[in-house]
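Peer 1: Before I ask anything, let me first share the structure, which is written out below as structure tokens.
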């Protein structure tokens, strides 16, 4: 789950990290009061779950109230398109009005998981304000890594390494050390998969300030954080993905036209690969899981059928905990609820496969059966649509 900048900065404030004063507005009429508190010279920052907002016009420094009003009236309730969004972009439902900071140095700092070394890692760079992907591509030597051994935690020598390599001024040592220790604590406390401060700035008076903030929280850990779950912004999510998340279904919306129903993440990946190789284009990654009942399967298929891009459906089920007859009942139920006539190709193996195929044959649906995944992919690619 992603957090907005203003939500991330509130967490930073709770942990006693320095952030600029700011006020969130959700209506243009709130701008006047915000400017009175922050000042006419300020930064206006659109709150969206997408990187690259600055380059896309989602951040603007203004010098007077007229300029601020024009920007807010133009941007609020519009969509922002960045290199991380589709052509439709993401809606701007709030703007952060933030005081300006006298910046002496801009740095990059983040904490994430190093899956190769199986440990958390701190990433830092003197190239603050830039996309870290750009730095990695053009000057990979500028990125500093400090892997944290989970058994012993962050060590003092690692902080000293960061201070030295980032050329932190002596007057900022104490605040920078506090920030690094706190970032690590926050990362663990909220089960984050990413915590990014870009830029992390050192001001003219040597204060260490998080000028921006981004947090992603591991979805599988959200049951431990009901308070953070309240921060979820559904307006920033793909609506089909949001609906699937609410149902406990692993679903990712893609760009093709073949709706895919699969039980098991590995099976889903194999299905996408083989379908692509056959010349068809998947419209989604959907893993209904092994413990689904008829209702969950029905809702999963209904999500697929509600996607206007989908013109045909591929089912690849290996019956185990999820029996083939349960999957078949769910598929038929979804088609009946939606009134869909889309053709489907079904490959079923495992527990109660004969019963499952019988249910589908007797359903009146436009079904093509396949014995292997390759046959199923070939069949789906030959269907019109």
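Peer 1: Is it true that some residue in the range 232-241 is modelled with pLDDT of 95 or more, outside the structural domain of residue 285 (by TED's automatic domain parsing) and surrounded by fewer than 18 Cβ atoms within 10 Å (Cβ to Cβ)?
Peer 2: First, pick out the residues of the range 232-241 that are modelled with pLDDT of 95 or more: none.
Within the range 232-241, none of the residues are modelled with pLDDT of 95 or more, outside the structural domain of residue 285 (by TED's automatic domain parsing) and surrounded by fewer than 18 Cβ atoms within 10 Å (Cβ to Cβ).
Peer 1: Okay, next question. What's the total number of residues in the range 304-345 that are assigned to a loop (DSSP other than H, G, I, E, B) and more than 27 Å from the chain's Cα centre (by Cα)?
Peer 2: 9
Peer 1: Does residue 154 satisfy being part of a loop (DSSP other than H, G, I, E, B), modelled with pLDDT of 95 or more and more than 29 Å from residue 31 (Cβ to Cβ)?
Peer 2: Working: part of a loop (DSSP other than H, G, I, E, B): yes; modelled with pLDDT of 95 or more: yes; more than 29 Å from residue 31 (Cβ to Cβ): yes.
In short, yes.
Here's the yes/no breakdown for (1) surrounded by 17 or more Cβ atoms within 10 Å (Cβ to Cβ); (2) without any contact (Cβ under 8 Å) to a residue 60 or more places away in the chain; (3) closer than 20 Å to residue 227 by Cβ; (4) in contact with a strand residue (DSSP E or B) (Cβ under 6 Å, 6 or more places away or on another chain):
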site: 12; (1), (2), (3), (4): yes, no, yes, yes
site: 27; (1), (2), (3), (4): no, yes, no, no
site: 33; (1), (2), (3), (4): no, yes, no, no
site: 42; (1), (2), (3), (4): yes, yes, no, yes
site: 52; (1), (2), (3), (4): no, no, no, no
site: 63; (1), (2), (3), (4): no, yes, no, no
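Peer 1: Sticking with this one: State yes or no: is residue 97 in contact (Cβ under 8 Å) with a residue 24 or more places away in the chain, touching a strand residue (DSSP E or B) at 6+ places or on another chain (Cβ under 6 Å) and either surrounded by 20 or more Cβ atoms within 10 Å (Cβ to Cβ) or not assigned by TED's automatic domain parsing to the domain that holds residue 162 (or both)?
Peer 2: On the way: in contact (Cβ under 8 Å) with a residue 24 or more places away in the chain: yes; touching a strand residue (DSSP E or B) at 6+ places or on another chain (Cβ under 6 Å): yes; either surrounded by 20 or more Cβ atoms within 10 Å (Cβ to Cβ) or not assigned by TED's automatic domain parsing to the domain that holds residue 162 (or both): yes.
Yes: the conditions hold for residue 97.
Peer 1: Restricting attention to the range 162-177, report how many residues are assigned to a helix (DSSP H, G or I) and buried (at least 16 other Cβ atoms within 10 Å of the Cβ). Give the steps one after another, and end with the answer.
Peer 2: First pass over the range 162-177, keeping only residues assigned to a helix (DSSP H, G or I): 162-165, 170-177.
In the following step, the residues that additionally are buried (at least 16 other Cβ atoms within 10 Å of the Cβ) were identified as 162-163, 172, 175-177.
Residues meeting the conditions: 6.
Peer 1: Within the range 14-25, which residues are in contact (Cβ under 8 Å) with a residue 60 or more places away in the chain and closer than 16 Å to residue 227 by Cβ?
Peer 2: Going through the range 14-25, the residues in contact (Cβ under 8 Å) with a residue 60 or more places away in the chain turn out to be 15-25.
Of everything in the range 14-25, just one residue is in contact (Cβ under 8 Å) with a residue 60 or more places away in the chain and closer than 16 Å to residue 227 by Cβ, namely 15.
Peer 1: In the range 278-306, what residues are in contact with a helix residue (DSSP H, G or I) (Cβ under 6 Å, 6 or more places away or on another chain), at pLDDT 90 or above and under 19 Å from residue 238 (Cα atoms)?
Peer 2: Those that are in contact with a helix residue (DSSP H, G or I) (Cβ under 6 Å, 6 or more places away or on another chain), at pLDDT 90 or above and under 19 Å from residue 238 (Cα atoms): 282, 301, 302, 303, 305.
Peer 1: Which one of the conditions (1) surrounded by fewer than 19 Cβ atoms within 10 Å (Cβ to Cβ); (2) within 18 Å of residue 243 (Cβ to Cβ) does residue 297 fail to meet, given that it meets all the rest?
Peer 2: (1)
Peer 1: Please enumerate the residues belonging to the range 69-94 that are in contact with a helix residue (DSSP H, G or I) (Cβ under 6 Å, 6 or more places away or on another chain) and either in contact (Cβ under 8 Å) with a residue 60 or more places away in the chain or over 15 Å from residue 25 (Cβ atoms) (or both).
Peer 2: Hits for the range 69-94 are 90, 91, 93.
Peer 1: Can you pull out every residue in the range 288-303 that is touching a strand residue (DSSP E or B) at 6+ places or on another chain (Cβ under 7 Å) and assigned to a helix (DSSP H, G or I)?
Peer 2: Result: 300, 301, 303.
Peer 1: Could I ask something else about it? Since residue 11 meets every condition but one in (1) outside any helix (DSSP H, G or I); (2) within 23 Å of residue 187 (Cβ to Cβ), which condition does it not meet?
Peer 2: Evaluating residue 11 over (1) outside any helix (DSSP H, G or I); (2) within 23 Å of residue 187 (Cβ to Cβ) leaves (1) as the failure.
Peer 1: Quick one: which strands (runs of 3 or more DSSP E) lie wholly within the range 178-270 and hold at least 1 residues that are touching a helix residue (DSSP H, G or I) at 6+ places or on another chain (Cβ under 8 Å) and within 30 Å of residue 319 (Cα to Cα)?
Peer 2: Details: elements: 192-203, 208-210, 214-217, 250-253, 258-262.
Passing ranges, in order: 250-253, 258-262.
Peer 1: Specify which of the listed residues (331, 359) is buried (at least 23 other Cβ atoms within 10 Å of the Cβ) and either at pLDDT 95 or above or more than 18 Å from residue 253 (Cβ to Cβ) (or both). Quick ask: steps written out before the conclusion?
Peer 2: Values: 359 fails: buried (at least 23 other Cβ atoms within 10 Å of the Cβ).
Of the residues listed, the single one that is buried (at least 23 other Cβ atoms within 10 Å of the Cβ) and either at pLDDT 95 or above or more than 18 Å from residue 253 (Cβ to Cβ) (or both) is 331.
Peer 1: Regarding residue 148, is this residue in the same structural domain as residue 119 (by TED's automatic domain parsing), surrounded by 10 or more Cβ atoms within 10 Å (Cβ to Cβ), in contact with a helix residue (DSSP H, G or I) (Cβ under 9 Å, 6 or more places away or on another chain) and closer than 22 Å to residue 116 by Cβ? Write out each step before concluding.
Peer 2: Numbers: in the same structural domain as residue 119 (by TED's automatic domain parsing): yes; surrounded by 10 or more Cβ atoms within 10 Å (Cβ to Cβ): yes; in contact with a helix residue (DSSP H, G or I) (Cβ under 9 Å, 6 or more places away or on another chain): yes; closer than 22 Å to residue 116 by Cβ: yes.
Spelling it out, residue 148 is indeed in the same structural domain as residue 119 (by TED's automatic domain parsing), surrounded by 10 or more Cβ atoms within 10 Å (Cβ to Cβ), in contact with a helix residue (DSSP H, G or I) (Cβ under 9 Å, 6 or more places away or on another chain) and closer than 22 Å to residue 116 by Cβ.
The values are calculated or read from the model by the stated rules, or taken from the named source; none is laboratory data. No experiment lies behind these values; they were computed from the predicted model shown. Note that each Cβ is placed from the backbone with ideal geometry, even for glycine, and that neighbours are counted across all protein chains shown.
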